[in-house]
Amino acid sequence: LENDCAAWGISHVGALEGFGSDGLDKTAELMLQLARRMRLQVRMYFQYFNVDLVEKYRKDDKKARAFVVSSMLFNLALLFFFKYYDFLADSLRGASFFSGLPRLNVSLPIGISFYTFQTMSYTIDVYRGDARVQKNIITFGSFVTLFPQLIAGPILQYKHLDEQLESR
């Protein structure tokens, strides 16, 4: 297990604050570390396949809209989790009902707000018909992780970068 974890860049040190030290807690710790390592990839794959479903069900507006809403909820839930979970856990631990709520010490990914709203704009552009669906996941990944632009801003709409990403 230690070698498998090391291959993913996961350290197996101590329990999370608020967790005990039995095997189940260690498993939870490992899963959290893995999630931290893969957060951008998971989001990227989810968006890529979700927008494909938006396009697939374009004729059935109710289904297409459901996929747009699921995309928005997923993105905003991740943003909320990474930005506000520890603050919320610290605040709620004062109440006796939430006293066991652990602090996860979640590190905030650089540019999370930018790539959250950038991928949301992509989903909305495709739903509205303003942009075509990107069929190449590498090109889509390039759009999502355009870090120099992410850090400096502004949030760009996919329809403005589509041609450039394809031709370079």
**Item:** Where segment 69-131 is the region considered: accessible area per residue in Å², 1.4 Å probe
**Value:** 52 Å²
**Cβ crowding within 10 Å averaged over residues, with 121-128, 138-145, 80-87, 97-104 ranked highest first** = 121-128, 138-145, 80-87, 97-104
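The values are calculated or read from the model by the stated rules, or taken from the named source; none is laboratory data. All values reported here derive from a predicted model rather than from experimental measurement. A quick note on method: Cβ atoms are made from the backbone with ideal geometry, for glycine too, and the neighbour counts reach across all protein chains shown. Ligands, DNA and RNA are excluded from the accessible area calculation, which covers all protein heavy atoms including side chains. Shrake-Rupley method; radii C 1.70, N 1.55, O 1.52, S 1.80 Å.
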